[in-house]
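Structure, as structure tokens:
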Amino acid sequence: MGVGIEVTNLNAWYGTNHTLQDINLNIPANHATALIGPSGCGKSTFVRCLNRMHETNPIARVTGTVRIGDLDIYVDAKPVEIRRRVGMVFQRPNPFPTMSIYDNVASGLKLNGYSNRRALDEIVEKSLKNSALWDEVKDDLKKKSGASLSGGQQQRLCIARALAVDPEVLLMDEPASALDPVSTSKIEDLIFQLKSQYTIVIVTHNMQQAARVAEKTGFFLNGRMVEFDSTHKIFTNPSDKRTEDYITGRFG
Amino acid sequence: MTRIRFQQSLDELKENLLVMAGLAEQAIQRAIEAYRVRDLSICDLVTRSENSINRLERDIDQAALDLLAMEQPMAIDLRFILSVIKINADLERVGDAAKAISDRVRNMEQMAVADLPVDIPRMATLATEMVRKSLQAFIEGDADLARTVLTMDDAVDAMNRAAYKALTKVMEEQSHIAPQALNALMISRALERVADHATNIAGDVIFWVQGADVRHHKSLAKQMEREAKQLEREKEKEKEGNVAG
Amino acid sequence: MNEEKFKFRSRMRALTDNSVTALSILATVIVVAPLVAIFVYLVYKGASSLNLDFFTQIPKPVGETGGGMANAIWGSALLLLLASTIGVPVGIGGGIFLAEYGRGTKLANAVRFTADVLNGVPSIVMGVAVYALIVKAHIPFLPFTGHFSGFSGGVALGIMMIPTVCRTTEEMLLMVPHAVREAALGLGVPNWRSVLSITVKTASPGIITGCMLAFARVAGETAPLIFTALGNSFWSSNLNQPIAALPLQIYVYALSPYDDWHRLAWAGALVLIVLIVLAVSLVRYVTSRGVLKGAS
């Protein structure tokens, strides 16, 4: 089951660059929430603050609170623990090149010491089914390497890999931007199905995609969150002129 | 500014709709003038402009469809194009109403002039005033102006109902001028429809500018009231039942 | 007019293209030719002296014919094993530090600088240094010190391996795409595990190449062994004593006045090159099979 995310007064810096300013928002559980905004507005940084991935950059700094469920992720737990509960799918598919499909999906568990063979088999199958990839690869699980699949399949493999560790939240940073329309549709259908089990946050440049998959949408601009409302409202009658200018493409 | 071509397309769409609006307004005014002076040549003008209006309706709908498909308009742009499509249909019907009036005038050509207890010109003035105002609201994107049109509809409806009462009485009691009365009744109906279309146009303008759907608010409010009362009555019955049981 | 100009330019372009291609081929031939020439000459001079004795017998005393370099081959193998045990882990560890943990720090810059300097140290200087530090110095609690020994030779060779392995490891690790690292971190894998199981594993073909380059280089080094391993005419597996080594033996025999020993030297040179090529090929074969299997 998914949990809600509560963000309070979040500020983020990369060195002296104040990338995120006073972000406050509540992401509902078991829903898909889309984050839109122009390049450099901070939406990717924000998402990385949700699983403390921004800390991999040594000059990154964060103040404020992020509660995932009832856990304050900056106070109550270490980054490694958080990342096991908050999964991430990146813009470009990045399966581990030296591992087979099976090992890729199981990697999150194996690398953390899990070794029960039968249980792993079950988890791999379940994850691949949940990411709509099982039928296409079930015969080549251990023979084919992860990198030998097509782009769309690789991305679904990465989703399966993220799902295998059974997270509560799934963060997706422009998951379909490198894919063709058919693969994109498959991923969007997938997000629809996954919503009931996980809380999904999806960063996207593609507004039509946000409109298709998300119940709530947040518009980021210059490090601030300008508007956060139901997707319907944002796309038919947004409250803020800046939101409307962005949505209608009338920027600058 | 980005999306210049798209903005130009939107401006063009608006312009074409206003051309059509001009034709529809002109048709109504001509039809009423034909009624006033009983001039058949004016009726011919109305008939001919009907073709232009129909052609324009198709062109505008096509242009709107293209914009929806090709440009993925959002928010205000989407509402604008939707309202253009609907205003388009209403204007075409206004044209139809004008033609209906001019047909009645043609019909009455052979009849004697009768003194009827109905003020067609006043109704016409009101109706055309509503059309003009709603189109002005569209040109300027003025939702407040559009709301004033909504309030004028009641007056026209009242006049139409009065005309119906009066003219049916004439048809019963003064059967020698029944044909004229019937025609006058149909013209009154047509004008009432024109007023309705103007109300629709005003509602579409409000939807475009403010994103608010003000249609059928009166009847919907009445419906909601009825349902609330029904619910209360059922609750009362339950209570009584419990007390008794 | 334009048509003619175009045709002329096309022909000139084709001509340039062809001549540069020809020059490249010529350059390749010039580079490869000496290699081939050396090998052919070695075969010519040394093949006739190759027999089973060469691989099974130790050198005969001066004056007697026959004998072989079996002890030298064995000694080289032991020395290289010791050298690899020192050079590979330290080098890879250094490379991992430079690429993954010390990026941008002053310490990393110092380590990198040191490695580069070490790389440039002439091998004989290395031999002299190890001589002074291990052979000459009597360190009470280290039994290997104070005398010539295979151990000191292995140490010298090992130190020489470190810079190559370290720099190559660093380069190869840096070539692993950042996305792969992020994927591992995003799964909640601790950094050390990600480095070892993902990054190093992905870079392992390149790292192994680096190790083999270092191995091939020190396998033929003679100068460092002169003051350390010293050489041994007898069969020995004791690293605490002087030990024979193939390059060393070749050197000694080549400079000797005996024709017999000259024969053996040629044979030894041929065998040395062949053994290095075989060792490298074997490692390549074994590891390429392993990577494809994708075992984690």
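The values are calculated or read from the model by the stated rules, or taken from the named source; none is laboratory data. Values in this document were obtained by computation on a predicted structure and should not be read as measured data. Glycine also receives a Cβ, built like all others from the backbone with ideal geometry; neighbour counts cover every protein chain displayed.
How about segment A:25-39: which of its residues are of a type in the set (A, V, I, L, M) and in a strand (DSSP E or B)?
Those that are of a type in the set (A, V, I, L, M) and in a strand (DSSP E or B): A:LEU25, A:ILE27, A:ALA32, A:ALA34, A:LEU35, A:ILE36.
So if I check each of B:ALA114, B:ALA124, which one is assigned to a helix (DSSP H, G or I) and more than 14 Å from chain A (Cβ to nearest Cβ)?
Among B:ALA114, B:ALA124, only B:ALA124 is assigned to a helix (DSSP H, G or I) and more than 14 Å from chain A (Cβ to nearest Cβ).
Among (1) out of contact with any helix residue (DSSP H, G or I) (no Cβ under 7 Å at 6 or more places or on another chain); (2) at pLDDT below 80; (3) surrounded by 13 or more Cβ atoms within 10 Å (Cβ to Cβ), where does C:VAL291 come up short?
Tallying (1) out of contact with any helix residue (DSSP H, G or I) (no Cβ under 7 Å at 6 or more places or on another chain); (2) at pLDDT below 80; (3) surrounded by 13 or more Cβ atoms within 10 Å (Cβ to Cβ), C:VAL291 fails exactly one: (1).
Please go through segment A:212-252 and pick out each residue that is part of a strand (DSSP E or B), surrounded by fewer than 23 Cβ atoms within 10 Å (Cβ to Cβ) and not polar (S, T, N, Q).
Result: A:LYS216, A:LEU221, A:ARG224, A:VAL226, A:GLU227, A:PHE228, A:ASP229.
Only residues that are farther than 22 Å from A:GLU244 by Cα and in contact with an Asp or Glu (Cβ under 7 Å, 6 or more places away or on another chain): list them for segment A:27-51, please.
Of everything in segment A:27-51, those that are farther than 22 Å from A:GLU244 by Cα and in contact with an Asp or Glu (Cβ under 7 Å, 6 or more places away or on another chain) turn out to be A:HIS31, A:VAL47.
When you scan segment C:206-296 for helices (runs of 4 or more DSSP H) that lie fully inside it, which ones turn up with 3 or more residues that are touching a Leu at 6+ places or on another chain (Cβ under 6 Å)?
By residue number, C:246-255, C:259-293.
In segment B:152-208, what count of residues is obtained for those that are over 30 Å from B:GLY141 (Cβ atoms) and of a type in the set (Phe, Trp, Tyr)?
1
Need the failing condition index for A:GLN21 against (1) farther than 20 Å from A:PRO79 by Cβ; (2) not in a strand (DSSP E or B), just the number.
Answer for A:GLN21: the failing condition is (2).
Find the residue count for segment A:99-125, including only residues that are in contact with a helix residue (DSSP H, G or I) (Cβ under 6 Å, 6 or more places away or on another chain) and either free of Cβ contacts under 8 Å to residues at least 24 places away in the same chain or more than 15 Å from C:ARG193 (Cβ to Cβ) (or both).
So the answer is 8.
Select from segment A:72-90 the residues that are out of contact with any strand residue (DSSP E or B) (no Cβ under 8 Å at 6 or more places or on another chain) and within 14 Å of chain C (Cβ to nearest Cβ) and write down the one among them that is surrounded by the fewest Cβ atoms within 10 Å (Cβ to Cβ).
A:LYS78
Would you mind stating whether C:ALA203 is in a helix (DSSP H, G or I), at pLDDT 90 or above, over 17 Å from C:PRO89 (Cβ atoms) and within 14 Å of another protein chain (Cβ to nearest Cβ)?
For C:ALA203, the condition - in a helix (DSSP H, G or I), at pLDDT 90 or above, over 17 Å from C:PRO89 (Cβ atoms) and within 14 Å of another protein chain (Cβ to nearest Cβ) - is not met.
Does segment A:143-150 contain at least one residue that is surrounded by fewer than 21 Cβ atoms within 10 Å (Cβ to Cβ) and away from chain C (no Cβ under 12 Å)? Working first, answer last.
Within segment A:143-150, the first condition is being surrounded by fewer than 21 Cβ atoms within 10 Å (Cβ to Cβ), and the residues that meet it are A:143-145, A:147-148, A:150.
Still in the running and away from chain C (no Cβ under 12 Å): A:150.
Yes, segment A:143-150 contains a residue that is surrounded by fewer than 21 Cβ atoms within 10 Å (Cβ to Cβ) and away from chain C (no Cβ under 12 Å).
Quick one: count up the residues across segment A:19-50 that are within 23 Å of A:GLN209 (Cα to Cα), of a type outside the set (Gly, Ala, Ser) and touching a Lys or Arg at 6+ places or on another chain (Cβ under 8 Å).
Residues flagged as within 23 Å of A:GLN209 (Cα to Cα), of a type outside the set (Gly, Ala, Ser) and touching a Lys or Arg at 6+ places or on another chain (Cβ under 8 Å) within segment A:19-50 amount to 7.
Looking at C:ALA37, C:ALA27, which one is modelled with pLDDT of 85 or more, under 28 Å from the mean Cα position of the chain (by Cα) and closer than 30 Å to C:ILE226 by Cα?
Just one listed residue meets the conditions, C:ALA37.
Restricting attention to segment B:43-69, and to residues there that are out of contact with any Ser or Thr (no Cβ under 9 Å at 6 or more places or on another chain) and within 14 Å of another protein chain (Cβ to nearest Cβ), which single residue is modelled with the highest pLDDT?
The residue in question is B:LEU68.
Would you mind listing the helices (runs of 4 or more DSSP H) fully within segment A:40-155 where at least 2 residues are modelled with pLDDT of 90 or more and under 20 Å from the mean Cα position of the chain (by Cα)? If you could, list the steps in order and put the result at the bottom.
Numbers: elements: A:43-50, A:79-85, A:101-110, A:117-130, A:134-137.
Hits in segment A:40-155: A:43-50, A:79-85, A:101-110, A:117-130.
Among the residues of segment C:164-190, count how many are in contact with an Asp or Glu (Cβ under 8 Å, 6 or more places away or on another chain) and within 13 Å of another protein chain (Cβ to nearest Cβ).
Step one: filter segment C:164-190 for residues in contact with an Asp or Glu (Cβ under 8 Å, 6 or more places away or on another chain), giving C:167, C:173, C:188.
From what is left, the residues that are within 13 Å of another protein chain (Cβ to nearest Cβ) are C:188.
Count: 1.
For the condition of a type outside the set (Val, Ile, Thr) and over 21 Å from A:THR199 (Cβ atoms), what is the one hit in A:ASN104, A:ASN130?
A:ASN104
If only one of C:ALA110, C:ALA156 is farther than 19 Å from C:ALA245 by Cβ and at pLDDT 90 or above, which one is it?
The unique qualifying residue is C:ALA110.
With the requirement that a residue be under 30 Å from B:ALA163 (Cβ atoms) and part of a loop (DSSP other than H, G, I, E, B), what does segment B:189-245 give you?
Passing the criteria: B:VAL214, B:ARG215, B:HIS216.
Just the residues that are without any contact (Cβ under 8 Å) to a residue 60 or more places away in the chain and within 14 Å of chain A (Cβ to nearest Cβ), please, taken from segment B:76-111.
Scanning segment B:76-111 gives a single hit, B:LEU78.
State the number of residues belonging to segment A:196-252 that are within 9 Å of another protein chain (Cβ to nearest Cβ) and in contact with a Leu (Cβ under 7 Å, 6 or more places away or on another chain).
1
Closer than 23 Å to B:GLU109 by Cα, among the polar types (S, T, N, Q) and assigned to a helix (DSSP H, G or I): is that true of B:GLN26 in this structure?
In short, yes.
Among residues belonging to segment A:156-204 that are basic (Lys, Arg) and not in a loop (DSSP other than H, G, I, E, B), point out the one that is surrounded by the fewest Cβ atoms within 10 Å (Cβ to Cβ).
Step by step, filter segment A:156-204, then rank; the result is A:LYS186.
Considering each of B:ASP44, B:ASP66 in turn, give the residue that is more than 21 Å from B:GLN8 (Cβ to Cβ) and of a type outside the set (A, V, I, L, M, F, W, C).
Numbers: B:ASP66 fails: more than 21 Å from B:GLN8 (Cβ to Cβ).
That would be B:ASP44, the only listed residue that is more than 21 Å from B:GLN8 (Cβ to Cβ) and of a type outside the set (A, V, I, L, M, F, W, C).
Determine whether B:VAL94 is crowded, with 22+ Cβ neighbours inside 10 Å and touching a His at 6+ places or on another chain (Cβ under 6 Å).
yes
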